[in-house]
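Asker: This is the structure I want to talk about, given as structure tokens.
The values are calculated or read from the model by the stated rules, or taken from the named source; none is laboratory data. All of these numbers come straight from a predicted model, not from anything done at the bench. All Cβ positions, glycine included, derive from the backbone under ideal geometry; neighbour counts span all protein chains shown.
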Amino acid sequence: MRTSYPFFQVDAFTGRPFSGNPAAVVPMTAWPDDRLLQEIAAENNLSETAFLVPDGDGFRLRWFTPVAEVDLCGHATLASAHVVFERLRPGSDRVAFSSLSGPLFVARDGEQLVLDFPSMPPTPCAIPKGLDAALGAKPAETHRGICAMAVYGTEDDVRDLRPNFELLASCEPFGVIVTAAGSDCDFVSRFFAPSVGILEDPVTGSAHCTLAPFWAARLGKKRLHARQVSRRGGELWVEDRGDRVSIAGRAVMVIEGTLFV
């Protein structure tokens, strides 16, 4: 007999369907074999599939790309919280998740959901070997936080990048943030992670664990408005709170159904 699970697809960090970053969310009552989780994520073929299992008053949360489990994902956490608030625990306004990156919290604030994530400020570093060739343009400076981060002079520099993904996968084991000051927001970014099956992630909440403290220090302000300038695009409002960062955005459910395995 086949097993069935509820299935949701949510566009995160956007207020309208078909923009932001889509994530699949699959609530379960207990963990199946990890191989099945990876097969489901590969079948979905989204940048992330989130799996939820009840854990005390909250949930245990895991994230899988089409090819690997990852330690932290912002947009799929936002999507998971949206499913909790709208379907699993209607009327609730706060949820706690336990994860490979420790405790994570999401609260409802009007139309926005606010992630409470660990801060991962970057430190300056030399340009990793081959990174400028892989990105197609030499950055003004490079840092390392949650992953490598390349800083460019203008928003257009970031928008115009056309990376060589094969080279990029060989020189960075997880991914690369590229960023610059924004023209009509505080800063912009893009995120590439070909080594884990994501050429370009549409909107990357976890990258803002590094971007928020970096730009807060650079611009001298704690609260910032950010845009991820991928093709789909997304908006985030972040706050540097010392050892934590808050990352806020909206979410829209676009698919609801049943997964059969």
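Asker: Please pick out the residue among VAL229, VAL151 that is touching a strand residue (DSSP E or B) at 6+ places or on another chain (Cβ under 7 Å), under 27 Å from PHE18 (Cα atoms), outside the structural domain of ALA81 (by TED's automatic domain parsing) and not small (Gly, Ala, Ser).
Answerer: Residue meeting the stated conditions: VAL229.
Asker: Shifting gears a bit: Within the range 103-128, which residues are among the polar types (S, T, N, Q) and within 22 Å of MET253 (Cβ to Cβ)?
Answerer: GLN112
Asker: On to the next question. Considering only strands (runs of 3 or more DSSP E) fully contained in the range 144-261, which possess at least 2 residues that are modelled with pLDDT of 95 or more?
Answerer: 148-151, 176-181, 187-193, 223-228, 234-241, 244-249, 251-260
Asker: Taking only the range 216-237 into account, find how many residues are over 15 Å from VAL158 (Cα atoms), in contact with a helix residue (DSSP H, G or I) (Cβ under 9 Å, 6 or more places away or on another chain) and without any contact (Cβ under 8 Å) to a residue 60 or more places away in the chain.
Answerer: Number of matching residues: 4.
Asker: If you check LEU199 against the conditions, is it in contact with a Phe, Trp or Tyr (Cβ under 9 Å, 6 or more places away or on another chain), hydrophobic (A, V, I, L, M, F, W, C) and closer than 23 Å to SER99 by Cβ?
Answerer: The answer is no for LEU199.
Asker: Contact list please: Cβ distance under 8 Å, first residue in the range 168-183 and in contact (Cβ under 8 Å) with a residue 12 or more places away in the chain, second residue among the acidic types (Asp, Glu) and surrounded by fewer than 23 Cβ atoms within 10 Å (Cβ to Cβ), pairs at least six apart or on different chains.
Answerer: ALA180/GLU155; ALA180/ASP157; ALA181/GLU155; GLY182/GLU155; SER183/GLU155
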